[in-house]
Amino acid sequence: MTETSTVDTGTGYGRETPSYDARLAEVGPGTPMGEVLRRYWQPIAVSAQLTSDTPHRTRILGENLVVFRDGQGRPGVVFERCSHRGSSLFFGRVEEDGIRCCYHGWKFDVQGHCLEQALEPDRGRRREVARQPWYPVEERYGLVFVYMGPPERKPALPRYDALEPLGEGDQYYAAWPIPGLPPTGLVSDFSWLNMYDNAWDPAHVCWLHSNHSGYQIMGSGTTGLPEAFFDPEAVQDNITYTRTEFGAKYDHLIRDKAANGDARERSFRTELHLPNVFALPDYVSLATDQGPDQMMWVVPMDDTHHRVFFSIRSSDPERVSRFAFGIKQNGKDLWELTEEERQQFPGDGEAQASQGAIPMHSEETLATTDRGVVMLRRMLKSMIDDVEAGRDPLGVSTLDGPPRRVDAGIYTLSTGTAQTAATAPAAGA
């Protein structure tokens, strides 16, 4: 008897070990992407929550730091380990003019100068040689920003027209409305790239946030985004990508009806300011032709963790709630879900975290709906090339110029009766 069998194809046997693009994903000192990110100011804490009561431990770009505000109100960022014997300044004491180490009482100001060595003769006869490593900080838009790059390349801290000027009754909202959260913000235990790729992946909205898990964006199908917005068959025709001065934007077409019943077309527009900033419209209220009022920063802690900071300019406290809690899963906030509900109604967190602590790029099979992600990665790699060649990357300037234009929001493109001039350029402009 002759034995015959069909050889199975496409099995997992013998596959190469998965790998990621280290040039993009790794952010520590000396890494290609880490050096790019160090050419920009990064938010490190929420201003209003950073008081003189206590120092706060944090981690950014693979470096362990302590952020504090001295008794004179000045914010400071220093290395966590004391330059004397390496004890953590997280256990230090904040004083009028600096932070004092718990171990031997050495005190440093916000620029790392050693002001006093408590146990040394004359409080430290050569204390000026004991400089605690530090980084420059500035405050703007309700956030404390830190610059961790080469001192001779320090740029001006950018301004954005989405966040200024403050109108009557406006203020900056920059703290997540979650009780007990430290000024250093929420931690997500996966790569910043998982999150930033997601910001440039509008196609996932048409599946994850609707067809798979049910409508998750509040008001979808009723007072908010219409059902047609989530049509998976229309994704290819409804989304366009455009390069901008500081990065790129995408427009996602909204077809719905105006208050008078006329058919109309609007654009849902999101913009990236590279390397790790983006602006979203108010996706719950769909405030139309009003311009942007929000910016977000995806800040890597290290290769496998990140934080998201934001600032919103508004006179309406509910604007922050719409932003922070405007996406529900099974009608609930994340902390209310059971494990079964998270599996049945996954959202951004489940999808992104399940990609792995770092996405394994070698195992991806990119397709047409990933063209925005491909575009983003190419731009980031171009910025790496610039830094490695000794050039300043995109958007870096030492000049404190006017606010940068932010082209995000919901904009009218046309109505059933006449073409209208949108507040911002139409898609592809």
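The values are calculated or read from the model by the stated rules, or taken from the named source; none is laboratory data. The structure displayed is predicted, hence computed values, not measured ones. When we count neighbours, we look across all protein chains shown, and the Cβ atoms used for this are built from the backbone with ideal geometry, even at glycine. For accessibility, only protein heavy atoms count, side chains too; no ligands or nucleic acids. Shrake-Rupley method; radii C 1.70, N 1.55, O 1.52, S 1.80 Å.
Table for the structure above
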| item | result |
| --- | --- |
| Looking only at the stretch 326-363, and only at residues there that are without any contact (Cβ under 8 Å) to a residue 12 or more places away in the chain and surrounded by 14 or more Cβ atoms within 10 Å (Cβ to Cβ), the one that is nearest to Val308 (Cα to Cα) | Glu350 |
| Ser5 more than 18 Å from Leu61 (Cα to Cα) and surrounded by fewer than 19 Cβ atoms within 10 Å (Cβ to Cβ) | yes |
| Hits in the stretch 50-105 (condition: among the β-branched types (Val, Ile, Thr) and part of a loop (DSSP other than H, G, I, E, B)) | Thr51, Thr54 |
| Conditions (1) among the hydrophobic types (A, V, I, L, M, F, W, C); (2) surrounded by fewer than 17 Cβ atoms within 10 Å (Cβ to Cβ); (3) more than 29 Å from the chain's Cα centre (by Cα); number of the one not met by Ala48 | (3) |
| In the stretch 119-135, the residues that are open to solvent by 30 Å² or more (accessible area, probe 1.4 Å) and either free of Cβ contacts under 8 Å to residues at least 40 places away in the same chain or of a type in the set (Phe, Trp, Tyr) (or both) | Leu119, Glu120, Pro121, Asp122, Arg123, Arg125, Arg126, Arg127, Glu128, Val129, Trp134, Tyr135 |
| Output for the stretch 138-159, where each listed residue is out of contact with any Pro (no Cβ under 7 Å at 6 or more places or on another chain), part of a loop (DSSP other than H, G, I, E, B) and surrounded by fewer than 20 Cβ atoms within 10 Å (Cβ to Cβ) | Pro150, Pro155, Ala156, Leu157 |
| Odd one out for Met375 among (1) aliphatic (A, V, I, L, M); (2) farther than 28 Å from Leu181 by Cβ; (3) in contact with a helix residue (DSSP H, G or I) (Cβ under 7 Å, 6 or more places away or on another chain) | (3) |
| Those residues of the stretch 179-195 which are touching a Phe, Trp or Tyr at 6+ places or on another chain (Cβ under 9 Å) and either under 27 Å from Asp316 (Cα atoms) or in a loop (DSSP other than H, G, I, E, B) (or both), in sequence order | Gly185, Leu186, Ser191 |
| Residue check for Arg255: under 30 Å from Leu394 (Cα atoms) and either open to solvent by 10 Å² or more (accessible area, probe 1.4 Å) or at pLDDT below 95 (or both) | no |
| Residue list for the stretch 271-303, filter: aliphatic (A, V, I, L, M) and closer than 29 Å to Arg378 by Cβ | Leu272, Leu274, Val277, Ala279, Leu280, Met295, Met296, Val298, Val299, Met301 |
| Exclusive hit being surrounded by fewer than 17 Cβ atoms within 10 Å (Cβ to Cβ) and within 20 Å of Met195 (Cα to Cα), set Arg378, Arg391 | Arg378 |
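Here's the yes/no breakdown for (1) out of contact with any Asp or Glu (no Cβ under 7 Å at 6 or more places or on another chain); (2) part of a strand (DSSP E or B); (3) open to solvent by less than 30 Å² (accessible area, probe 1.4 Å):
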site	(1), (2), (3)
Ala203	yes, no, yes
Val235	yes, no, yes
Gly261	yes, no, no
Pro300	yes, yes, yes
